[in-house]
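Below is one structure, written out as structure tokens; the observations come after it.
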Amino acid sequence: MELILRLPGEAEEAEFLRAHRATSPSVPTFLHYYEEGMAFRRYLELLTEHARGESLPPGHVPSTFLFAFAGSSIVGRVAIRHALNAYLERFGGHIGYVVVPEYRRRGYATAILGQSLGIARLKLGLTRVLLTCDDDNVGSIRTIEKNGGVFENIATPDGDKPKRRYWIATTHPHA
């Protein structure tokens, strides 16, 4: 399975919108910072600005936001946060990934996370990263553990599901 993490090109707007419409009803955070009707070019510019730490909303950290392509299809996305703030340290972690529903249970999450660990190490200089997932999300637990995740503890945000917290060395063989 050939998987490439990258931003879509302007000619790939239809595929972007397909993945967005397929995923956002069940995962409203699939697209960070996207507003319905936003010009596609502007959205891509905004992601680039946020990766540089520019134009960030209050309380947000710089992040590299990429889409997972298998051929010409977007099968998922990942947000690789360059640093942790207090909230991310407890509940959000460095890396958040989502697989488009029709592509789940095919190994894409494991591949997305594996490539993201390499980006965190090579482009951001992170030697270890924090990942979190809902305590009952068996698929994410397996994905994180397959990529070398070492369970630390469970944190419970106010009024939300308990989150499992894992650390992964970016030098792990699967990265």
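About its Cα centre, the dipole of the chain is roughly 500 debye, where the only charges are +1 on Lys and Arg Cβ and -1 on Asp and Glu Cβ.
Ranking of LEU130, LEU56 by solvent-accessible surface, largest first: LEU56, LEU130 (1.4 Å probe, protein heavy atoms only, all chains present).
Stretched out fully, how many nm does the piece from TRP167 to LEU56 gain, at 0.36 nm a residue minus the Cα gap?
Value of the extension gain: 37.4 nm.
Each Lys or Arg adds one and each Asp or Glu subtracts one; over the other residues with Cβ under 13 Å from the Cβ of VAL150, this totals +2. Solvent exposure of the range 76-137, expressed per residue, is 45 Å² of accessible area, with all protein chains present and a 1.4 angstrom probe. Taking all protein chains as they are arranged and a probe of 1.4 Å, the heavy atoms of ASP136 leave approximately 100 Å² accessible to solvent.
Taking all protein chains as shown and a probe of 1.4 angstrom, GLU89 keeps an accessible surface of around 90 Å². Gain on full extension, evaluated as 0.36 nm per residue between ARG106 and ARG128 minus their Cα-Cα distance, stands at 5.3 nm.
Along the axis of the charge dipole computed for the chain (Cβ charges of +1 for Lys and Arg, -1 for Asp and Glu, origin at the Cα centre), the listed residues VAL100, ALA86, GLY114 are led at the positive end by GLY114.
Evaluated at q = 0.17, 0.19, 0.25, 0.26 Å⁻¹, the base-10 log of the normalised Debye intensity for the range 1-45, with identical point scatterers placed on the Cα atoms, takes the values -0.51, -0.64, -1.05, -1.11.
For the chain, the mean residue ellipticity at 222 nm estimated from helices alone is -8500 deg cm²/dmol, where every DSSP H run of n ≥ 4 contributes -39500 (n - 2.57) and the total is divided by all residues, rounded to the nearest 500.
Only protein atoms count toward the accessible area here, which uses a 1.4 Å probe; on the range 1-51, the carbon and sulfur part of that area reaches 55 percent.
Solvent-accessible surface (1.4 Å probe) assigned to ILE119 amounts to roughly 30 Å². Taking the square roots of five times each eigenvalue of the Cα gyration tensor of the chain, the equivalent ellipsoid has semi-axes of 24, 18, 17 Å, listed largest first.
The values are calculated or read from the model by the stated rules, or taken from the named source; none is laboratory data. Given the structure is predicted, the values throughout are model-derived calculations rather than measurements. Neighbour counts are summed over all protein chains in view; Cβ atoms, including those assigned to glycine, are modelled from backbone coordinates with ideal geometry. Keep in mind that these areas ignore ligands, DNA and RNA; they rest on the heavy atoms of the full protein, side chains included. Shrake-Rupley method; radii C 1.70, N 1.55, O 1.52, S 1.80 Å.
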